[in-house]
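A short write-up of the structure that comes next.
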Amino acid sequence: MNSSLGSEIHSFYESAPPLKERDGIMEKLNEFVQLNCKGTRRVVCVTSGGTTVPLEQRCVRYIDNFASGHRGAASTEGTSQPYCRSLPDDPLLQCFEATDELNIQVREPFSEAVKRAIRDHHAAVAGGVLLKLPFTTIFEYLQILQMVAVSLRSHGPRAMFYLAAAVSDFYVPWNSMAEHKIQSGSGPLDMRLVQVPKMLSVLRTEWAPIAFCISFKLETDAKILLDKADMAQRKYKMNAVVANELLTRNEEVIVVTDSEKISVKREKTEAGSDVENPLVKLLVDRHSAFIRDSNA
Ligand code: PAZ
């Protein structure tokens, strides 16, 4: 990592607002690591959804992005949230109905999918194999990612990072952000956003250097997608970069490694049809080969 990146990263973390419930998150993470990071068991950190960039410290406005969290959720069931993607947007009101004054039941036609989602979700949480750490802002996301990555370091090549979240590229540093709501009467808004430091680099070199790392690259222009994915793969020494276009992201992705470009297309499964199922299968196989090659 070069020294200017090092100082950008340092100043990002130094000036970020302290993570709420840091101790609670750390405790859950430690419990999860103790339970799961042992023997030959593999562990994956899936990031999903998008991060926001607050414009005011007492945040009224923020910059958001398009990510829905579908990719991470669909990939984790085999984040929306894992097990919740089969639910409608307003699950409480749409999935349940009152049978009389006191009783509520799951409505048809949701009943089977909803019951399965609830059952599988509770089983995963109760078994200690699913830990969900929600985030909203870029500050929360990068602080939690650092905590998770450092906690998984000791699991070496058996840890996988599957970084599907759409992470903000620019942000307003906390110490140069207005404290109060920006007033609209003062004319056009002139605000300077600085680049979010490239954390893939520090993940690779310091936080979890021998983990199996998959990052995602989204573009809207097909002509530059594969070059950008290729560049990211080489620059950050990713085991693979999953390249996707905005409009076709649920139909096809291209897995770019140092020697291959593999197209993965939507496939029918028992639960429906998605691109995540074949993608996860391919990456799990690659992870197995990676563990074998590391003699772990
Ligand atoms: O969350 P979603 O299912 O709506 O979209 C998934 C995605 C496009 C955010 C993901 O596949 C991806 O490409 N993430 C990285 C985006 C980027 O920073 O380039």
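Just so it is clear, none of the values below were taken in a lab; they were calculated from the coordinates. This one's a predicted model, so the numbers in the text were calculated from it and none came from an experiment. Every residue, glycine among them, receives a Cβ derived from its backbone with ideal geometry; neighbour counts consider all protein chains shown.
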Neighbour-limited loop hits for trypsin sites (Lys or Arg not before Pro), the stretch 237-296 (at most 15 other Cβ within 10 Å; DSSP other than H, G, I, E, B): LYS237
Mind ordering 251-258, 89-96, 31-38 by average Cβ neighbours within 10 Å, highest first? 251-258, 31-38, 89-96
Work out the FRET efficiency for ALA98 and ARG61 from their Cβ-Cβ distance, taking R0 = 45 Å, and round it to the nearest 0.05. 0.70
Per residue Cα convex hull volume for the chain, in cubic angstrom? 179 Å³
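How much of the DSSP beta bridge set in the chain is antiparallel, as a percent to the nearest 5? It would help to have the intermediate numbers written out before the result.
Details: 18 of 36 bridges.
In the chain, DSSP labels about 50 percent of beta bridges as antiparallel.
As an exercise, find the ratio Rg/Rh for the stretch 1-43 from alpha-carbon atoms, using the Kirkwood inverse-distance average for Rh. Please list the in-between numbers first.
Numbers: Rg = 15.6 Å, Rh = 13.1 Å.
So for the stretch 1-43, dividing Rg by the Kirkwood Rh gives 1.19.
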The stretch 84-129 - Rg (one decimal) and Dmax (whole number), Cα, Å: 12.0, 38
For GLU267, what residues show an amide H to amide H distance below 5 Å, using hydrogens built from the backbone and excluding near sequence neighbours? ASP274, VAL275
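Please give the FRET efficiency for LYS281 paired with MET231, using the beta carbon to beta carbon distance and R0 = 35 Å, rounded to the nearest 0.05.
Numbers: r = 26 Å, r/R0 = 0.76.
Calculated transfer efficiency: 0.85.
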Give me, ordered by chain and number, the residues 5 or more places off THR137 or on other chains with an amide H under 5 Å from its own placed amide H. THR52
Would you mind putting 42-53, 169-180 in packing order, based on average other-beta-carbon counts within 10 Å, highest first? 42-53, 169-180
Name the long-range amide H neighbours of ALA166: under 5 Å, sequence gap of 5 or more, or other chain; modelled H, no Pro or chain starts. GLY49, GLY50, THR51
